[in-house]
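Visitor: Dumping the structure here so I can ask a few things about it.
Every number here is computed from the coordinates shown, using simple stated rules; none is lab data. The structure displayed is predicted, hence computed values, not measured ones. Here the Cβ positions follow ideal geometry from the backbone for every residue, glycine too, while neighbour counts run over all protein chains shown.
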Amino acid sequence: MKNLFFIILFVGSVIAAFSQSKSDIEIILDEWAYEEFDYCFTGRTYKGISVSEFRVDDYNNKIEVKGYVSYLNLLDISVRYQFNATIKIYSSNRFKMTFNKYDGFSDEWETCERTYSK
């Protein structure tokens, strides 16, 4: 969890500095998924993430992201499906991650929404 706060502080500075890049966003989401994916999506094992597009909303202090996430599904089969995520920064001590991923097995979107406070 400590790593997430360092990363989110980085996100806040990225937004403030207008210097975000696709690789920066992938690093942030990869770290989040590495620590939280199994918790949010029980029985799935995170493997990797690829960002297709992102948008920084400076006015609302958030980043919206779309791409693909790879993981082992409930049957231990490696899959790759679409995701969309929003990182909302409330302060240097509080942020919210909303991560939606498509699950081809159930043919539905699944959501993980977590708010973190230092």
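Visitor: If you take every residue apart from Ser50 with its C-beta less than 13 Å away from the C-beta of Ser50, what net charge results, scoring Lys and Arg +1 and Asp and Glu -1?
Guide: Around Ser50, the charge tally is +2.
Visitor: Can you spot the lysines whose alpha carbon is less than 16 Å from Lys47's alpha carbon? Ignore those fewer than 8 places along the same chain.
Guide: Of all the lysines, those that pass the test against Lys47 - Cα under 16 Å, at least 8 places apart if same chain - are Lys101.
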